[in-house]
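Right, one structure below, let's go through it.
The values are calculated or read from the model by the stated rules, or taken from the named source; none is laboratory data. Since the model is a prediction, treat every value here as computed from it, not as a measurement. Positions of Cβ are generated from backbone atoms using ideal geometry, with glycine treated the same way; all protein chains shown enter the neighbour counts.
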Amino acid sequence: MGDNKFVRPRTTRVHLAISVFIYGNNESGEPFKEITQTLAVNANGCLVELATPVSKDQSLLLTNMQSNEEMTCTVVTLGRI
């Protein structure tokens, strides 16, 4: 079996666009910040598309732009939408 097998989410995903500001370091270690929006959310996290390359298990800081709530997140899955 390959590394690209589909992993079923643990909870139901809801397609919801929430504007978020993401801080982190790119693959070469340089800091980046990016504004994007969620594509789907569930009780365990969210799905976002980033222009900046990131790595699996990388920590990112996500800020909800409407509520200003910040949350540290971990990249769990990489792939194309």
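In region 17-34, the residues that are surrounded by 12 or more Cβ atoms within 10 Å (Cβ to Cβ) and modelled with pLDDT of 90 or more reach residues that are hydrophobic (A, V, I, L, M, F, W, C) and in a loop (DSSP other than H, G, I, E, B) with C-beta atoms within less than 7 angstrom, at least six apart or across chains, in these pairs: S19/M65; V20/M65; F21/M65; I22/L50; G24/V54; E34/L50; E34/A51.
Tell me, which residue of region 51-81 that is surrounded by 14 or more Cβ atoms within 10 Å (Cβ to Cβ) and polar (S, T, N, Q) is nearest to H15 (Cα to Cα)? The selected residue is N64.
When restricted to residues that are farther than 19 Å from K56 by Cα and in contact with a Leu (Cβ under 7 Å, 6 or more places away or on another chain), region 16-35 contains 1. The condition of being modelled with pLDDT of 85 or more and surrounded by 16 or more Cβ atoms within 10 Å (Cβ to Cβ) holds for only one of V48, V14, that being V48.
In region 63-73, the condition of being at pLDDT 90 or above and of a type in the set (D, E, K, R) is met by at least one residue.
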